[in-house]
Structure formats: structure tokens, C-alpha cells
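**Student:** Right, I'll just put the structure down here and ask away after.
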Amino acid sequence: MSRLNKGLSWAISLLIVGTLAGCGSAAKQGGEPFGGSNKAASQGDALTSAPEQVQALYKQSCISCHGNNLEGKVGPTTNLQKIGGKLTKEQISKQIISGGNGMPGFGTKLKPEETEALAEWLAGKK
């Protein structure tokens, strides 16, 4: 493998690791969870219309990869704006619990009723 290819491979690997390391992280950066801003508008209409429990869970566990307005921050597959039109509530719940396709599973981190609340809310996004 040439020097250029080795360097490119290393850079791509570093980018992937850095991206995945940020997903699901609750590390605070810049004084706000997940490096967000203090602007109320940044929460977007999608999140502010959610029940308080769901808002708290989403901010704690989902926002770093799925974004303030469900727009997806780690590529198009992380966009949840119309997830209810693609997956059933049961499929969404399974995805939250087990993860897959780059998403970590939250089955051991969330209570069943928390998973249920998130899945119900997301299933309504059509």
C-alpha cells in the first residue's frame, strides 16, 4: 500500500472513530450537553411538542446523533423527522433497545417505559 493510501486510510479511520465516539455521549462541551447552544429555537418544533419525559430522554440519549430537530447529525440514516412513516412503533422500540446499523443499543440504559414513550412519540413522526 502506498504512503498516500495508508495516510488516507488512517484519516478515514480516525474520522469514523471520532464520529462514533460522539454518538450517545453525554459529555458536556461548551457548557451545554452535547455541545449545543443556549438558543431555545435550536430545540426545534419537533422536540418542544414532545411530552416532558420524552424531551428529557431525547436530550440525554438521542440528540447527539439525531440532532435538535430530529434532522440527523451522523448522516441521512440518523434523520428521524419522518421515521413513523418508515417504521412501526414496535420496530422503533426494537431499534432503540437493540441498536444496529451504527446505532448503539439502549436496552440496558433505558427503562422499558422510557423506551415505550420514545417509540410512541417517534412513531407519530410521519
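**Student:** I'd like the carbon and sulfur percentage of the solvent accessible area for region 82-125, probe radius 1.4 Å, heavy atoms only, ligands and nucleic acids excluded. Write down the numbers at each step before the final one.
**Tutor:** Values: 1380 of 2630 Å².
Of all accessible area on region 82-125, carbon and sulfur atoms account for 52 percent.
**Student:** I would also like to ask the following. Across bins of 5 angstrom width beginning at 0, how are the C-alpha pair distances of region 70-116 distributed, in whole percent?
**Tutor:** Each 5 Å bin holds this share of Cα pairs: 6, 21, 26, 30, 16, 2.
**Student:** Report, by chain and number, residues whose modeled amide H sits under 5 Å from the one on residue 70, excluding near sequence neighbours (fewer than 5 apart, same chain).
**Tutor:** Amide H neighbours of residue 70: none.
**Student:** While we're on this one: Quote the FRET efficiency, to the nearest 0.05, computed for residue 48 versus residue 97 with a Förster distance R0 of 22 Å and r equal to the Cβ-Cβ distance.
**Tutor:** Details: r = 26 Å, r/R0 = 1.17.
That gives a FRET efficiency of 0.30.
**Student:** Using the Karplus equation 6.51 cos²θ - 1.76 cosθ + 1.60 (θ = phi - 60°), what ³J(HN,Hα) coupling, rounded to whole Hz, does each residue of region 80-89 give in order, writing x for Gly and Pro?
**Tutor:** Coupling constants for region 80-89: 10, 4, 10, 4, x, x, 10, 10, 7, 4 Hz.
The values are calculated or read from the model by the stated rules, or taken from the named source; none is laboratory data. Everything numeric here is computed off the predicted structure, so don't read it as measured data. All Cβ positions, glycine included, derive from the backbone under ideal geometry; neighbour counts span all protein chains shown. SASA here: full protein model, heavy atoms, side chains in, ligands and nucleic acids out. Shrake-Rupley method; radii C 1.70, N 1.55, O 1.52, S 1.80 Å.
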